[in-house]
Amino acid sequence: MNERTILHSDVNNFFASVECKDKPQLKNQPVAVTGNPEKRTGIILAKNDVAKSFGIKTGQTIFEAQKLCPNLVCLPPHYNLYEQISKQLHQIYLQYTNLVEPMGLDECWLDVTDSLKILNKTGEQIAYEIKEKIKNQFGITVSVGVSFSKIYAKLGSDLKKPDAVTVITKSNFKKIAYALPLNSIVGIGRRLEGKFKLININTIGEFCSLSKGYINSLMGKTGVKLLENLQGSEDEKVANYYLISPPKSIGNGTTTIKDIQKRNEIEKVVSFLAEKVSKRLIAHNFQAKTITISLKSSKLQTISKSASFASTFASQTILNHAMSILDSFYDYSQPIRAIRLKASNLENISSCKQLSLFDEKAEKTALGIKNITAKYGSDAIYLASETESFINRKNHTEND
């Protein structure tokens, strides 16, 4: 089997880069995209390289960031604009291959193996060509990793930023990767990193020296697959852009800025998540029968429960269902650090769907919001609860 050539393209500081491109007067100024610039308790969603040089990090509050950089320019996010540019970037990638697999708005894998002979170019040459096209057409930069697998292409794009190309081959991947910290790779979060530190496993190479049995005991089959990929096996294929299956579920989660416990505080976060889930259901033309709510306590214990109802896409209905599930299993005795809301058992919204007496108002409201955001952008309208200081608007999005 011929070695594959995989690219991973990652836009540098995507949100902040787009904002700075649209506002040339901000060039060379420290800029951050924040959840709510009017409240100093809002958080940093993205920042440019100038802001990074002051030590500003994603997830900090505006108050913390402004202590490091008093002249920080804080801007609200414009998700509709980011989505448009993301789709335009996909069209550039599709000039080289139909095997294009997005990961979020700002990252994509490309399998250009079959394009090398057609274009008479190497993967590295294609990466540089893509990088320059994006810079010239959009005025933003990308970092591109070139490798034989998805995991090492992704690592390559992370290693050198901004505006760079990094090549990791089967002959040099151990030399490049094995000395790096374990958290350099996707799949090792803070909790797992802490577990490995307890047994003095701190680098990718040290992780790769462990047995599959031991990794399986800690991480299950997913961990074993990760180990094999890091040891040099070729991981899963890059998906065909035109054949990517619709999601089996749609969910959003957030880690709260501070631990919360009172029902009204938790309800505000769930309301925020229900609004996000509703918007994404409508965008995909889906309604959901099953709602799942998951809580992570301050002791990192996770509890969750699901229930099925009549199909809906309305945020208020999703919120009501989620809170009824929550009340059935949670006694509000433990502080909560993170909340995730998921809608599953999806089906297409029927144009002739018979609305119930109780859901009609909620679903008409949801469709009204869809029309407003389609015209003015996805950030044009949102719930007042989204301004609460314990809500982290940098949400982790889930499409299963």
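Filter the range 331-345 down to the residues that are polar (S, T, N, Q), over 17 Å from Ala288 (Cβ atoms) and either surrounded by 13 or more Cβ atoms within 10 Å (Cβ to Cβ) or modelled with pLDDT of 90 or more (or both) and list them by number. Answer for the range 331-345, where residues must be polar (S, T, N, Q), over 17 Å from Ala288 (Cβ atoms) and either surrounded by 13 or more Cβ atoms within 10 Å (Cβ to Cβ) or modelled with pLDDT of 90 or more (or both): just Gln334.
Suppose the filter is at pLDDT 85 or above, of a type outside the set (Val, Ile, Thr) and touching a Leu at 6+ places or on another chain (Cβ under 6 Å); does Leu7 pass it? Yes.
Taken across the range 56-78, residues that are closer than 30 Å to Val146 by Cα, among the hydrophobic types (A, V, I, L, M, F, W, C) and not assigned by TED's automatic domain parsing to the domain that holds Val142 do occur, with at least one present. Exactly one residue out of Leu155, Leu180, Leu159 is surrounded by fewer than 22 Cβ atoms within 10 Å (Cβ to Cβ) and out of contact with any strand residue (DSSP E or B) (no Cβ under 6 Å at 6 or more places or on another chain), and it is Leu180. Which condition breaks for Ile92 when tested against (1) closer than 30 Å to Pro247 by Cα; (2) crowded, with 22+ Cβ neighbours inside 10 Å? Status for Ile92: all satisfied but (2). When the range 216-237 is limited to residues that are more than 23 Å from the chain's Cα centre (by Cα) and touching a residue at least 24 places away in the same chain (Cβ under 8 Å), the one that is nearest to Phe148 (Cα to Cα) turns out to be Glu234.
Select from the range 211-229 the residues that are touching a helix residue (DSSP H, G or I) at 6+ places or on another chain (Cβ under 6 Å) and of a type outside the set (S, T, N, Q) and write down the one among them that is farthest from Ile185 (Cα to Cα). Ranking the candidates gives Lys212 first. Taken over the range 136-185, the criterion of being more than 19 Å from the chain's Cα centre (by Cα), among the small types (Gly, Ala, Ser) and at negative phi is satisfied by Ser147, Ser149, Ala164, Ser171, Ala177, Ala179. Filter the range 254-280 down to the residues that are touching a Leu at 6+ places or on another chain (Cβ under 8 Å) and either of a type in the set (A, V, I, L, M, F, W, C) or at pLDDT 90 or above (or both) and list them by number. Result: Ile266, Glu267, Val270, Phe272, Leu273, Ala274, Val277. Selection within the range 305-330: residues that are within 18 Å of Phe272 (Cβ to Cβ) and of a type in the set (Gly, Ala, Ser). The member of this set that is surrounded by the fewest Cβ atoms within 10 Å (Cβ to Cβ) is Ser324.
Checking every residue in the range 289-300 against the condition of being touching a strand residue (DSSP E or B) at 6+ places or on another chain (Cβ under 9 Å), assigned by TED's automatic domain parsing to the domain that holds Ile325, within 26 Å of Thr61 (Cα to Cα) and part of a helix (DSSP H, G or I) gives zero matches.
In summary, helices (runs of 4 or more DSSP H) completely within the range 154-222 and bearing 3 or more residues that are in contact with a Gly (Cβ under 9 Å, 6 or more places away or on another chain) occur at 173-177. Among the residues making up the range 104-113, a single one is in contact with a helix residue (DSSP H, G or I) (Cβ under 8 Å, 6 or more places away or on another chain), over 15 Å from Phe15 (Cβ atoms) and not in a strand (DSSP E or B): Val112.
The values are calculated or read from the model by the stated rules, or taken from the named source; none is laboratory data. None of the values given here were measured: they were computed from a predicted structure. As a convention, Cβ positions derive from the backbone with ideal geometry for all residues, glycine included, and neighbour counts pool all protein chains shown.
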